[in-house]
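The values are calculated or read from the model by the stated rules, or taken from the named source; none is laboratory data. Only a predicted model underlies this, so the values are computations on that prediction, with no experimental measurement involved. Methodologically, a virtual Cβ is constructed for each residue, glycine included, from the backbone with ideal geometry; neighbour enumeration extends over all protein chains shown. All accessible areas refer to the heavy atoms of the entire protein, side chains included, with ligands and DNA or RNA removed. Shrake-Rupley method; radii C 1.70, N 1.55, O 1.52, S 1.80 Å.
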Amino acid sequence: MSTPGDILLQAQDLRKSFSLQRTMPDVLQRRPRRLLRALNGVSFDVRRGETLGIVGESGCGKSTLARCLVRLHEPDGGSLTFKEQDVLALSGPERRTYNRRVQMIFQDPYSSLNPRLTVRQCLAEALSVHRIVPASEIDARVVRLMDLVHLPREAADRYPHEFSGGQRQRIGIARALAVEPEIIIADEPVSALDVSVQAQIVNLLLELQNELGLALVFITHDLRLVHHIAHRIAVMYLGAIMEIGPTEEIFASARHPYTRALLAAVPRLVPGRRSGATAVQGELPSPLAPPPGCPFHPRCPIAKAICRQDVPGLGLRGGPWPAACHFAGPVEAPAPLPRQNISLL
Ligand SMILES: Nc1ncnc2c1ncn2[C@@H]1O[C@H](COP(=O)(O)OP(=O)(O)OP(=O)(O)O)[C@@H](O)[C@H]1O
Ligand code: SF4
Ligand SMILES: [Mg+2]
């Protein structure tokens, strides 16, 4: 893996709520629209050349975060800077440049590819809209992109429906690479693919990252995968980051009770680690009514009175990387977790 470098993208206290449509009972009982808090103050950075894994249960806000980063959603609050430029204030050509530099790859590439365009037309369109190369060089660049994602050159004249799922994801990656990004945000890019194809796509992304010096934000449910590929991981829960730090160290000795519970559910992820039994107790609270204090307190086996009142910000608290827990101790002595019995990821 390449060495992570300087900070490219920085999110601070990002917030995003969705105002839900009123249901018929809401209308009849004159209840106002309800707000679903998908992001509750998310802060982190993305560094040049690194892979940052983002993990968390379904509904914790991973895709909302990804969409806010590329401004497919407008955050309601907080800040986002790209190379110290205020992303949320960008408009016109500057915004287009940002969207070129920070590209997103989706779980289902088919939905983001125009079915009426051949691969060549699709790539050529991206190259010409963003004026990446002069018209005379577009064909050569298409060939280069096909080579980069290991698709046969002659496949450039086929349509998206003529490809398998894995090949379509390669086209999606080529489409993202066409505009010469510095960051790729991949939202569950392999979870819709056959297991046999998943590794090929992940390895392709890592290969491209090395070759092109890209930063990769990789969103996944798969803790084994994130362990394999990420320099750092951010663990999300109910719209907030619970812990963020170097992958190996977190897998060996997580500071946050939620991370420890997730890891306990994945057998033999780290040699010698006690594992196998369990994951997280209880139901995931609704983002329509998040609990006060620490969002994890209703499920946390070591919650104390303070946890029900005070939100623990993401902080070091004497440890080597940030965790959002009032009792995140030094890594040498994590609090033991009692055995529980619901598995999630
Ligand atoms: N456009 C929207 N309108 C209303 N609610 C939304 C919208 N998009 C997301 N949500 C809600 O916001 C919360 C976060 O959703 P999000 O898709 O970001 O989660 P996720 O972590 O990506 O989940 P998954 O792992 O299932 O993909 C969920 O409760 C979801 O129902
Ligand atoms: S702040 Fe309290 S409830 Fe939240 S994770 Fe830490 S110990 Fe558990
Ligand atoms: Mg998602």
Checklist entry - In the range 66-76, is there at least one residue being of a type outside the set (D, E, K, R), under 11 Å from the mean Cα position of the chain (by Cα) and within 9 Å of ligand 1 (Cβ to nearest atom)? => result yes
Item to check | Residue pairs meeting the criteria (Cβ under 9 Å; at least 6 apart or on separate chains; first free of Cβ contacts under 8 Å to residues at least 60 places away in the same chain, in the range 181-197; second within 12 Å of ligand 1 (Cβ to nearest atom) and of a type in the set (D, E, K, R)) | outcome: Val190/Asp222
Next on the checklist: Going residue by residue through the range 87-97, is there one that turns out to be touching a helix residue (DSSP H, G or I) at 6+ places or on another chain (Cβ under 6 Å), part of a loop (DSSP other than H, G, I, E, B) and not acidic (Asp, Glu)?
Outcome noted: yes
Checklist entry - Could you list, in sequence order, the residues of the range 298-309 that are open to solvent by less than 30 Å² (accessible area, probe 1.4 Å) and farther than 11 Å from Phe327 by Cβ? => result Arg299
Checklist entry - Can you name every residue in the range 43-71 that is within 16 Å of ligand 3 (Cβ to nearest atom) and over 20 Å from Leu223 (Cβ atoms)? => result Thr64, Arg67, Cys68, Leu69, Val70
Item to check | Members of the range 30-71 found to be within 24 Å of Gln209 (Cα to Cα) and within 16 Å of ligand 2 (Cβ to nearest atom), listed by number | outcome: Gly56
Checklist entry - So, in the range 227-239, of the ones that are in a strand (DSSP E or B) and away from ligand 3 (no atom under 16 Å from the Cβ), which residue ends up surrounded by the fewest Cβ atoms within 10 Å (Cβ to Cβ)? => result Arg232
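Residue by residue, here is whether (1) within 24 Å of the chain's Cα centre (by Cα); (2) among the small types (Gly, Ala, Ser); (3) open to solvent by less than 50 Å² (accessible area, probe 1.4 Å); (4) assigned by TED's automatic domain parsing to the domain that holds Asp194 holds:
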| position | (1), (2), (3), (4) |
| --- | --- |
| Val87 | yes, no, yes, yes |
| Arg96 | yes, no, no, yes |
| Arg116 | no, no, no, yes |
| Glu125 | no, no, no, yes |
| Asp147 | no, no, no, yes |
| Ala155 | no, yes, yes, yes |
